[in-house]
Structures are given as structure tokens and as C-alpha cells.
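All remarks here apply to the structure that follows.
FYI, it's all coordinate maths here, none of it is from the lab. Keep in mind that what you see is a predicted model, and the values were worked out from it rather than measured.
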């Protein structure tokens, strides 16, 4: 379990919480209303700030119900909140649907998952070890079972 300090900076903010025991993510709520036209994006205010401890990150992810039913997603998914960030959590929401969507104050707009992170140490080498994949990239495994 990780302890997250949270500050409500707007009266209209709803504190995040887990909907069910065992859920991976806490729900995040819009602190303001927005009319989001099809094909457009907006930065949605949550009205909260958090302090993520060192060695962790918070990932902001779309809500599957909003994606399926309305085409609402997050542009930079998952969005990362680093441990050093202390500003308001804002969610870059996009409407991939074919009609407008009203984001209502106090309604779920995203979810947030806390994960451990490792700091990388880089070692420059003249050559990398060989693997069975090597430089095979996009589409290199094909679409059919081999």
C-alpha cells in the first residue's frame, strides 16, 4: 500500500476513491463542465493535487465505459504523474465519437493507478546482444498464428 497526500483546490472537486475492493484504479472526477464536440479535445480540471512518493508514479487512464459508449478517451494514455509534480491533475480528454459529449461536474472522467518505477542507469556499449527478434519491429510477428 502506498500513502498518497491529496489537496482539494476547488470546492467542486470530488475526492478520488476505489469503486470496488480490489480495483486497480481510483476514479477521477471532472471539477467543471465541458461541452466536447466530436473530434475535439479539452483539458479537464479535477480540482485536486497529489503528492506521489519517490519510487512511484500515478498513471491516468481512460474509463472503458466512456470509451465504449461515447468514444471518450485520453490523448496521452496512460498519462504519467511523476513524484515531483505538485500541480493540479488535468486530464486531456478527446471525443473520438461521432457526436458531442457533455462532461458534467462531479462525473467520472478517468481512472488513476499507482505503480512502482525503477530509475534506469544507462551504460553506453559498442554493440547490443543478439536476440531471436533482433531489429524486427512493427508487424514483424504478423497477424496469423505461426
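Which residue, 47, 39, 90, tops the fluctuation ranking in a GNM of the chain built on C-alpha contacts under 10 Å?
Result for the chain, Cα springs under 10 Å: 39 fluctuates most.
Express in whole angstrom the spacing between the alpha-carbon centres of region 83-146 and region 1-43.
So the two Cα centres are separated by 19 Å.
Could you work out the helix-only [θ] at 222 nm for the chain, with each DSSP H run of four or more residues adding -39,500 (n - 2.57) and the total divided by the number of residues, to the nearest 500 deg cm²/dmol?
Using -39500 (n - 2.57) per qualifying helix, the result is -1000 deg cm²/dmol.
Between 30, 58, 67, find the one with the highest GNM mean-square fluctuation for the chain; connect C-alpha pairs within less than 10 Å.
Looking only at 30, 58, 67, the largest GNM fluctuation is found for 67.
Looking at the chain as a GNM with Cα springs under 10 Å, which of 117, 52, 125 has the largest mean-square fluctuation?
Between 117, 52, 125, it is 125 that shows the largest mean-square fluctuation.
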